[in-house]
Amino acid sequence: MTAYERHPPHPVGGTIEVIAGPMFSGKTEELLRRLRRATLAKQAVTLFKPERDNRHGTTDVVSHDARRQPAFAMANAAALEAMVEQLIADDQMPDVIGIDEVQFFGEKIVDVCNRLADCGIRVITAGLDLDYLGRPFGCIPLLLAHAEYVTKLHAICSITGRPAHFSHRMEGGSEDVQIGGAESYQALSREPYNDVVVRSHHRVSPAE
Ligand code: ADP
Ligand code: MG
């Protein structure tokens, strides 16, 4: 049992929240909003992001509308957990932990979030529910299942103006992960997205 698992549970009780949606849907905005409110309530807040998200050349978490908050950039889920253990050992146990771009942490983050919530921490995660090919992204399906609270957000479709659920990669390669912003991705609603991406449920020939 780790040091923080032995820590007396926070009286309020821990939970996992997931804020999911495509790019530009306001996930980071919403995460920062919840963290600001927790800070107003005088709760100790710690924000994490994956090291590989280097879009802003800083360890801040930055939203597309330029809101920002300092964060710890972590290599992986184990490093994130070790950092929380260290905070607790230093008597700085967070009441609330935010994790932005949680889809990049891999499946181990699900156990870590559960352990953090078990010891009484409110864990608020934000991440892409689908990758650029419309496939469930990494750890997100598991995290959605484990979470007490799930919020799905939508962007504005750049073709139809309707709610957009998909992140279309307009340029670049076919790597699973390609960090980018408005220069490489656009938010699309279902019909325009289906026009540009063939997905696994599509019937590719009439015989099927
Ligand atoms: P996410 O973290 O989901 O990528 P952010 O919270 O960083 O989103 O940014 C949301 C902001 O992005 C919106 O408030 C808006 O100012 C801006 N934005 C740019 N393009 C779009 C779009 N197509 N739909 C909605 N918001 C957009
Ligand atoms: Mg974001």
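The values are calculated or read from the model by the stated rules, or taken from the named source; none is laboratory data. Only a predicted model underlies this, so the values are computations on that prediction, with no experimental measurement involved. Heads up, the Cβs are rebuilt from the backbone with ideal geometry, glycines too, and the neighbour counts pull from every protein chain shown.
Data overview
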read-out: Residue match in region 130-139 (condition: under 23 Å from Ala38 (Cβ atoms) and either surrounded by 20 or more Cβ atoms within 10 Å (Cβ to Cβ) or among the small types (Gly, Ala, Ser) (or both)); value: no
read-out: Restricting region 140-172 to residues that are among the polar types (S, T, N, Q) and either under 22 Å from Val96 (Cα atoms) or buried (at least 16 other Cβ atoms within 10 Å of the Cβ) (or both), the residue that is nearest to ligand 2 (Cβ to nearest atom); value: Ser167
read-out: Among residues of region 35-52, those that are surrounded by fewer than 19 Cβ atoms within 10 Å (Cβ to Cβ) and either within 16 Å of ligand 2 (Cβ to nearest atom) or modelled with pLDDT under 95 (or both), counted; value: 3
read-out: Answer residue from region 96-125, given it is of a type in the set (Asp, Glu) and crowded, with 18+ Cβ neighbours inside 10 Å and is farthest from Val177 (Cα to Cα) among those; value: Asp100
read-out: Residue ID - nearest to ligand 1 (Cβ to nearest atom), chosen from residues in region 65-84 that are touching a helix residue (DSSP H, G or I) at 6+ places or on another chain (Cβ under 9 Å) and of a type outside the set (A, V, I, L, M, F, W, C); value: Asp65
read-out: Matching option when the condition is aliphatic (A, V, I, L, M), within 16 Å of ligand 1 (Cβ to nearest atom) and at pLDDT below 95, among Val102, Val12, Val62, Val18; value: Val62
read-out: Hits in region 97-136 (condition: under 30 Å from Val197 (Cα atoms) and within 13 Å of ligand 2 (Cβ to nearest atom)); value: Ile99, Asp100, Glu101, Val102, Gln103, Phe104, Thr125, Ala126, Gly127, Leu128, Asp129
read-out: Members of region 108-135 found to be farther than 24 Å from Val62 by Cα, in contact with a helix residue (DSSP H, G or I) (Cβ under 9 Å, 6 or more places away or on another chain) and not in a helix (DSSP H, G or I), listed by number; value: Cys119, Gly134
read-out: Residue match in region 21-28 (condition: modelled with pLDDT under 95, farther than 24 Å from Arg115 by Cβ and of a type in the set (Gly, Ala, Ser)); value: no
read-out: Selected residue (only one of Ser184, Ser205 is free of Cβ contacts under 8 Å to residues at least 60 places away in the same chain and in contact with a strand residue (DSSP E or B) (Cβ under 7 Å, 6 or more places away or on another chain)); value: Ser184
